[in-house]
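Here is the structure we will look at, set down as C-alpha coordinates.
The values are calculated or read from the model by the stated rules, or taken from the named source; none is laboratory data. On a predicted model such as this, the values are computed, not experimentally measured, just so you know. Virtual Cβ from ideal backbone geometry, glycine too; neighbours counted across all protein chains shown. Calculation scope for accessible area: heavy atoms of the full protein, side chains included, ligands and nucleic acids excluded. Shrake-Rupley method; radii C 1.70, N 1.55, O 1.52, S 1.80 Å.
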Amino acid sequence: LVRLVRVLGQLDAAGLAPAADLHLRLYDNLSADRRSGRTHQTRLARTRISRQHDEVDRGTVEGARIFHFDSISLAAPQPRETALHAATLAAEGGKLISYDVNLRLPLWASSAEARAVIPEGLKRAAVVKLSDDELEFLTGSRDPAVFRDRLWHKGLRVGVVTMGGRGCVLFTRDGVHE
(Lines give C-alpha, C1' and ligand atoms only; values in the text may rest on other atoms or scores of the structure.)
Protein backbone atom coordinates (compact mmCIF):
# COMPACT_ATOMS: atom_id res chain seq x y z
CA LEU A 1 0.00 0.00 0.00
CA VAL A 2 2.79 2.42 0.90
CA ARG A 3 4.60 1.67 -2.38
CA LEU A 4 1.39 2.17 -4.36
CA VAL A 5 0.72 5.53 -2.70
CA ARG A 6 4.27 6.67 -3.42
CA VAL A 7 4.17 5.46 -7.05
CA LEU A 8 0.90 7.24 -7.70
CA GLY A 9 2.33 10.40 -6.16
CA GLN A 10 -1.11 11.49 -5.01
CA LEU A 11 -0.55 11.30 -1.28
CA ASP A 12 2.27 11.79 1.16
CA ALA A 13 2.98 8.38 2.67
CA ALA A 14 5.27 9.76 5.41
CA GLY A 15 2.88 8.76 8.18
CA LEU A 16 2.55 5.16 6.99
CA ALA A 17 4.87 2.47 8.25
CA PRO A 18 6.02 -0.06 5.63
CA ALA A 19 5.14 -2.89 8.05
CA ALA A 20 1.81 -1.38 9.12
CA ASP A 21 -1.06 -3.81 9.53
CA LEU A 22 -3.77 -3.71 6.89
CA HIS A 23 -7.53 -4.02 7.22
CA LEU A 24 -9.71 -3.95 4.12
CA ARG A 25 -13.48 -4.20 3.81
CA LEU A 26 -14.65 -5.19 0.33
CA TYR A 27 -18.30 -4.78 -0.68
CA ASP A 28 -20.32 -6.62 -3.29
CA ASN A 29 -23.47 -4.89 -4.51
CA LEU A 30 -26.11 -7.60 -4.63
CA SER A 31 -29.02 -5.36 -5.58
CA ALA A 32 -30.14 -1.74 -5.18
CA ASP A 33 -30.77 -2.16 -1.47
CA ARG A 34 -28.52 -5.07 -0.45
CA ARG A 35 -24.82 -5.57 -0.31
CA SER A 36 -22.53 -8.04 1.35
CA GLY A 37 -19.10 -7.40 2.71
CA ARG A 38 -16.08 -9.47 3.47
CA THR A 39 -13.08 -8.49 5.50
CA HIS A 40 -9.46 -9.17 4.68
CA GLN A 41 -7.18 -8.45 7.58
CA THR A 42 -3.49 -8.95 8.18
CA ARG A 43 -2.78 -9.11 11.88
CA LEU A 44 -4.90 -6.63 13.85
CA ALA A 45 -4.45 -3.21 12.23
CA ARG A 46 -3.01 -1.67 15.39
CA THR A 47 0.50 -0.53 14.38
CA ARG A 48 -0.22 3.14 13.74
CA ILE A 49 -3.35 3.57 15.80
CA SER A 50 -1.94 2.27 19.08
CA ARG A 51 0.59 5.05 19.53
CA GLN A 52 0.44 7.15 22.65
CA HIS A 53 -1.03 10.60 22.12
CA ASP A 54 2.36 12.21 22.80
CA GLU A 55 3.83 10.17 19.92
CA VAL A 56 1.56 11.76 17.31
CA ASP A 57 3.83 13.25 14.65
CA ARG A 58 2.93 16.95 14.81
CA GLY A 59 4.79 17.58 11.55
CA THR A 60 2.57 15.12 9.70
CA VAL A 61 -0.55 16.70 11.17
CA GLU A 62 0.69 20.22 10.43
CA GLY A 63 1.57 19.26 6.85
CA ALA A 64 -1.84 17.76 6.14
CA ARG A 65 -4.78 19.58 4.62
CA ILE A 66 -7.38 17.05 5.79
CA PHE A 67 -7.46 14.85 8.88
CA HIS A 68 -9.79 11.84 8.53
CA PHE A 69 -10.73 9.35 11.21
CA ASP A 70 -13.56 7.02 12.13
CA SER A 71 -15.12 5.40 15.17
CA ILE A 72 -13.01 2.27 14.79
CA SER A 73 -10.12 4.33 16.16
CA LEU A 74 -12.30 5.32 19.13
CA ALA A 75 -13.41 1.81 20.15
CA ALA A 76 -10.62 1.18 22.68
CA PRO A 77 -9.46 3.71 25.29
CA GLN A 78 -5.81 4.17 24.27
CA PRO A 79 -6.31 4.56 20.51
CA ARG A 80 -9.33 6.77 21.30
CA GLU A 81 -7.14 9.15 23.29
CA THR A 82 -4.61 9.24 20.45
CA ALA A 83 -7.18 9.77 17.68
CA LEU A 84 -9.02 12.52 19.55
CA HIS A 85 -5.72 14.20 20.42
CA ALA A 86 -4.64 14.12 16.76
CA ALA A 87 -8.04 15.49 15.68
CA THR A 88 -7.69 18.30 18.22
CA LEU A 89 -4.18 19.12 16.93
CA ALA A 90 -5.48 19.15 13.37
CA ALA A 91 -8.39 21.43 14.32
CA GLU A 92 -6.07 23.80 16.15
CA GLY A 93 -3.97 23.93 12.98
CA GLY A 94 -6.99 24.87 10.87
CA LYS A 95 -7.17 21.52 9.07
CA LEU A 96 -10.39 20.13 7.66
CA ILE A 97 -11.58 17.30 9.93
CA SER A 98 -13.46 14.44 8.28
CA TYR A 99 -15.22 11.72 10.32
CA ASP A 100 -16.89 8.52 9.17
CA VAL A 101 -18.96 6.93 11.92
CA ASN A 102 -18.24 3.45 10.45
CA LEU A 103 -19.88 1.66 13.40
CA ARG A 104 -18.46 -1.79 14.16
CA LEU A 105 -20.18 -2.81 17.41
CA PRO A 106 -18.07 -5.97 18.00
CA LEU A 107 -15.04 -3.71 18.53
CA TRP A 108 -16.71 -1.83 21.41
CA ALA A 109 -16.96 -2.95 25.04
CA SER A 110 -20.70 -2.18 24.87
CA SER A 111 -23.24 -0.43 22.69
CA ALA A 112 -23.72 2.12 25.50
CA GLU A 113 -20.02 2.99 25.34
CA ALA A 114 -20.23 3.38 21.54
CA ARG A 115 -23.27 5.69 21.87
CA ALA A 116 -21.40 7.81 24.42
CA VAL A 117 -18.06 8.05 22.57
CA ILE A 118 -18.97 8.28 18.88
CA PRO A 119 -20.37 11.82 19.32
CA GLU A 120 -16.89 12.91 20.50
CA GLY A 121 -15.69 12.36 16.93
CA LEU A 122 -18.78 14.05 15.49
CA LYS A 123 -18.17 17.17 17.60
CA ARG A 124 -14.70 17.64 16.14
CA ALA A 125 -15.63 17.17 12.49
CA ALA A 126 -16.40 19.61 9.70
CA VAL A 127 -17.39 16.74 7.39
CA VAL A 128 -19.38 13.74 8.65
CA LYS A 129 -20.56 10.58 6.91
CA LEU A 130 -22.90 8.06 8.48
CA SER A 131 -25.48 5.55 7.32
CA ASP A 132 -29.14 5.56 8.24
CA ASP A 133 -28.40 2.46 10.37
CA GLU A 134 -25.76 4.42 12.29
CA LEU A 135 -28.12 7.38 12.58
CA GLU A 136 -30.73 5.08 14.11
CA PHE A 137 -28.15 3.64 16.51
CA LEU A 138 -27.20 7.12 17.73
CA THR A 139 -30.61 8.83 17.73
CA GLY A 140 -33.30 6.14 17.58
CA SER A 141 -34.45 7.34 14.14
CA ARG A 142 -33.49 6.50 10.54
CA ASP A 143 -35.01 9.77 9.30
CA PRO A 144 -32.16 11.84 7.78
CA ALA A 145 -33.80 15.06 9.06
CA VAL A 146 -32.91 13.91 12.57
CA PHE A 147 -29.23 14.33 11.63
CA ARG A 148 -29.79 18.08 11.23
CA ASP A 149 -31.94 18.29 14.37
CA ARG A 150 -29.79 16.26 16.75
CA LEU A 151 -26.23 15.92 15.46
CA TRP A 152 -25.53 19.14 13.55
CA HIS A 153 -23.19 21.61 15.27
CA LYS A 154 -21.83 25.03 14.39
CA GLY A 155 -18.47 23.72 13.13
CA LEU A 156 -20.02 21.23 10.74
CA ARG A 157 -19.89 22.13 7.04
CA VAL A 158 -21.15 18.96 5.39
CA GLY A 159 -23.01 15.90 6.62
CA VAL A 160 -23.95 12.90 4.50
CA VAL A 161 -26.48 10.28 5.54
CA THR A 162 -26.28 7.26 3.23
CA MET A 163 -29.35 5.11 2.73
CA GLY A 164 -28.15 2.06 0.82
CA GLY A 165 -29.85 1.66 -2.54
CA ARG A 166 -32.06 4.69 -1.86
CA GLY A 167 -29.12 7.08 -2.22
CA CYS A 168 -28.09 9.68 0.31
CA VAL A 169 -29.00 13.03 1.80
CA LEU A 170 -26.39 15.78 1.86
CA PHE A 171 -26.65 18.47 4.51
CA THR A 172 -24.76 21.75 4.25
CA ARG A 173 -24.96 25.01 6.12
CA ASP A 174 -27.16 26.26 3.28
CA GLY A 175 -29.65 23.43 3.14
CA VAL A 176 -30.50 19.84 2.29
CA HIS A 177 -29.76 18.12 -1.01
CA GLU A 178 -31.24 14.74 -1.91
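Of Asp149, Asp143, Asp132, all but one fail to be in contact with a Pro (Cβ under 8 Å, 6 or more places away or on another chain), among the acidic types (Asp, Glu) and within 30 Å of Glu178 (Cβ to Cβ); the exception is Asp132.
Scanning segment 125-141 for residues that are farther than 16 Å from Thr172 by Cα, in contact (Cβ under 8 Å) with a residue 12 or more places away in the chain and not β-branched (Val, Ile, Thr) yields Ser131, Asp132, Asp133, Glu134, Leu135, Phe137, Leu138. Just one of the numbered conditions (1) under 12 Å from the mean Cα position of the chain (by Cα); (2) open to solvent by 20 Å² or more (accessible area, probe 1.4 Å); (3) aliphatic (A, V, I, L, M); (4) within 17 Å of Leu170 (Cβ to Cβ) is not true of Ile72: (4). Contact map, segment 62-90: residues that are closer than 11 Å to Gly121 by Cα paired with residues that are β-branched (Val, Ile, Thr) and assigned to a strand (DSSP E or B), Cβ distance under 6 Å, separation 6+ or inter-chain. Pairs shown: Ala87/Ile97. Could you tell me whether segment 111-133 includes any residue that is more than 16 Å from the chain's Cα centre (by Cα) and open to solvent by less than 60 Å² (accessible area, probe 1.4 Å)? Looking through segment 111-133, at least one residue is more than 16 Å from the chain's Cα centre (by Cα) and open to solvent by less than 60 Å² (accessible area, probe 1.4 Å).
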